[in-house]
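Please read the structure below before turning to the comments.
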Amino acid sequence: MFNKILIANRGEIALRVLRACKELGIKTVAVHSTADADAMHVRLADESVCIGPPPARDSYLNIPQLVAACEITGADAVHPGYGFLSENARFAEIVEAHGVKFIGPTAEHIRIMGDKIEAKRTAEKLGIPVVPGSNGGVSSEQDALRVAAEIGYPVLIKAAAGGGGRGMKVAKTEDDLVEAYSTARTEARNAFGDDSVYIEKYLSRPRHIEIQVMGDGKGNAIHLGERDCSLQRRHQKIWEEAGSPALNAEERDRIGGVVAKAIADLGYAGAGTIEFLYEDGEFYFIEMNTRLQVEHPVTEAITGIDLVNEQIRVASGATLSVRQEDVKFNGHAIECRINAENPATFTPSPGRITYYHPPGGLGVRVDSGVYQGYSIPPYYDSLIGKLIVHGRNRVECMMRLRRCLDEFVVDGIETTIPLFRKLVENQDIANGQYDIHWLERFLASKP
Ligand code: ADP
């Protein structure tokens with residue numbers, strides 16, 4: 001087992017990883033920018049290293065500084081969390097070249113799945129159903145028009161290097177497509193430095209359902225069920241559930257089995273998520289994330305499995321601690337992403353938290369790095385915490401969530417808590433009847 005893990009991240013996820021390390025008896029190194037000197041993960045770590053000024057490119061994305069921090073502290077592994085360098089194959093290669101274990105899959109697997117065209121091709125080869133579209137990239141306007149005519153409008157143009165919901169354009173007609181093709185390429189070049197694009201059938205009312213997987217790189221892999229992440233704003237998730245209100249146990253076992261086999265065949269090591277769109281009873285692969293996800297706690301709640309502990313164990317060379325037949329799904333869990341944002345306009349609201357009272361009680365988990373008196377810096381994303389609620393069934397879970405949202409107090413800044421208070425009162429949400437467009441429609445109605 002590792003002796004000391006450097007956590008190459010900040011905020012709630014740095015704290016989440018730190019907690020898993022402590023429970024494994026592993027020493028921790030926190031890294032931070034000058035803006036994060038007072039952060040909770042820095043306070044609780046055994047050691048901390050300042051790696052640069054506030055902008056992420058100079059600190060949390062600064063590979064030479066992170067490698068130096070490993071060397072100074074003698075860390076023998078790095079956990080990248082999510083975001084920042086977590087899906088950067090070069091970072092994984094560089095730390096390993098310095099004799100430090102990257103807690104995640106191989107650089108090769110990160111690279112394949114990071115290119116969405118390559119990822120789709122690989123998924124298809126492994127027997128996973130994919131969204132109909134161009135087989136590979138589209139190289140010209142003519143090519144794009146030909147593919148779109150074949151699969152039928154509307155279509156979606158997506159950037160091969162896309163992420164975070166950026167680099168996507170819908171086209172309903174040939175004229176739309178000609179324009180969308182060139183704007184998508186320009187935007188992709190500007191945002192990701194790569195203008196490769198591909199085309200997919202635009203599904204009109206799917207749900208976003210993803211499967212959590214875990215492999216040990218030795219040919220063993222399991223799935224841990226699904227998460228429904230259909231409640232999205234600008235393709236960004238805000239509320240996640242395990243299991244999905246739309247799936248039954250047979251459907252879960254079927255798609256889970258297909259995915260677990262594919263991951264085993266790939267020889268994948270560590271945690272991963274296979275994302276699908278689900279419409280009319282069919283699953284369509286869209287992408288794979290080769291890291292821990294923000295919404296992983298809902299899976300932990302219904303399976304009782306600590307995913308970060310398992311990631312660390314697998315990276316240290318152990319085989320998976322659970323077999324598929326040991327994975328039992330228990331009850332229902334919902335996560336709300338608490339952002340420091342105006343709940344109607346979503347404008348960021350950094351600043352000092354003057355009063356903080358998180359909810360508690362049975363079945364309640366709050367993952368957050370904030371505390372009373374903490375100042376949220378303006379430089380990073382606005383996620384300040386996650387409220388995760390577990391109940392014996394969805395009805396109990398919703399009642400508990402309503403109770404927790406009533407208890408939650410964060411003063412001094414604006415948060416998205418009032419939006420969630422509206423969502424728990426909504427009949428469609430109560431019925432579990434929503435698709436990926438539901439939230440945008442709800443917000444447009446100015447609730
Ligand atoms: P990113 O990597 O930027 O998050 P994804 O490929 O995961 O991009 O897609 C993000 C979201 O965009 C999905 O959850 C879904 O809401 C929407 N989306 C993606 N592909 C399609 C599609 N073919 N049809 C309809 N919506 C889509």
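The residues listed here are 406, 435, 411; of these, the one that is open to solvent by 40 Å² or more (accessible area, probe 1.4 Å) and in contact with a Ser or Thr (Cβ under 9 Å, 6 or more places away or on another chain) is 411.
Among 179, 200, which is among the acidic types (Asp, Glu) and more than 10 Å from the ligand (Cβ to nearest atom)?
Step by step, each of 179, 200 is checked, and only 179 is among the acidic types (Asp, Glu) and more than 10 Å from the ligand (Cβ to nearest atom).
Could you run through region 237-250 and say how many residues are within 16 Å of the ligand (Cβ to nearest atom) and either in a helix (DSSP H, G or I) or open to solvent by 40 Å² or more (accessible area, probe 1.4 Å) (or both)? Total satisfying the criteria: 0. Taken together, the criteria place residue 157 among residues that are within 12 Å of the ligand (Cβ to nearest atom) and either within 25 Å of the chain's Cα centre (by Cα) or in contact (Cβ under 8 Å) with a residue 40 or more places away in the chain (or both).
Looking at region 396-410, is at least one residue among the aromatic types (Phe, Trp, Tyr) and over 23 Å from the mean Cα position of the chain (by Cα)? Let's see the steps before the verdict.
Let us first name the residues in region 396-410 that are among the aromatic types (Phe, Trp, Tyr), namely 408.
Among the residues that remain, those that are also over 23 Å from the mean Cα position of the chain (by Cα) are: 408.
So far as region 396-410 goes, yes, one or more of its residues are among the aromatic types (Phe, Trp, Tyr) and over 23 Å from the mean Cα position of the chain (by Cα).
Against the criterion of being more than 27 Å from residue 211 (Cα to Cα) and without any contact (Cβ under 8 Å) to a residue 12 or more places away in the chain, residue 185 does not qualify.
Before we move on, is residue 211 closer than 19 Å to residue 235 by Cα, touching a residue at least 12 places away in the same chain (Cβ under 8 Å), assigned to a strand (DSSP E or B) and away from the ligand (no atom under 12 Å from the Cβ)? Against the criterion (closer than 19 Å to residue 235 by Cα, touching a residue at least 12 places away in the same chain (Cβ under 8 Å), assigned to a strand (DSSP E or B) and away from the ligand (no atom under 12 Å from the Cβ)), residue 211 qualifies.
Residues checked against (1) assigned to a helix (DSSP H, G or I); (2) of a type in the set (Asp, Glu); (3) modelled with pLDDT of 95 or more; (4) more than 29 Å from residue 272 (Cα to Cα):
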{"site": "356", "(1), (2), (3), (4)": "no, no, yes, yes"}
{"site": "372", "(1), (2), (3), (4)": "no, no, yes, yes"}
{"site": "399", "(1), (2), (3), (4)": "yes, no, yes, yes"}
{"site": "406", "(1), (2), (3), (4)": "yes, yes, yes, yes"}
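Looking at 222, 199, 211, which is the one that is of a type in the set (Val, Ile, Thr), under 17 Å from residue 303 (Cα atoms) and more than 16 Å from the chain's Cα centre (by Cα)?
Values: 199 fails: under 17 Å from residue 303 (Cα atoms); 211 fails: more than 16 Å from the chain's Cα centre (by Cα).
Answer to the check: 222.
Of the set (1) free of Cβ contacts under 8 Å to residues at least 60 places away in the same chain; (2) over 29 Å from residue 9 (Cβ atoms); (3) open to solvent by less than 10 Å² (accessible area, probe 1.4 Å), all apply to residue 391 but (1).
Of everything in region 184-204, what is of a type outside the set (Phe, Trp, Tyr) and under 22 Å from residue 150 (Cβ atoms)? Give them in sequence order. Before you say what the answer is, go through the steps one by one.
Applying the first criterion (of a type outside the set (Phe, Trp, Tyr)) to region 184-204 yields 184-191, 193-197, 199-201, 203-204.
Residues satisfying the conditions are 184, 185, 196, 197, 199, 200, 201, 203, 204.
Residue 442 meets all of the listed conditions (1) surrounded by 18 or more Cβ atoms within 10 Å (Cβ to Cβ); (2) assigned to a loop (DSSP other than H, G, I, E, B) but one, namely (2).
Beta carbons closer than 8 Å, at least 6 apart along the sequence or on distinct chains, never pair a first residue in region 17-40 that is in the same structural domain as residue 305 (by the TED database) with a second that is not in a strand (DSSP E or B).
The values are calculated or read from the model by the stated rules, or taken from the named source; none is laboratory data. Please read these numbers as outputs of a predicted model, since none were measured by experiment. Cβ sites come from the backbone with ideal geometry, for glycine too, and all protein chains shown count toward neighbours. For the accessible areas, the whole protein counts, side chains as well, though only heavy atoms, and no ligand, DNA or RNA atoms are used. Shrake-Rupley method; radii C 1.70, N 1.55, O 1.52, S 1.80 Å.
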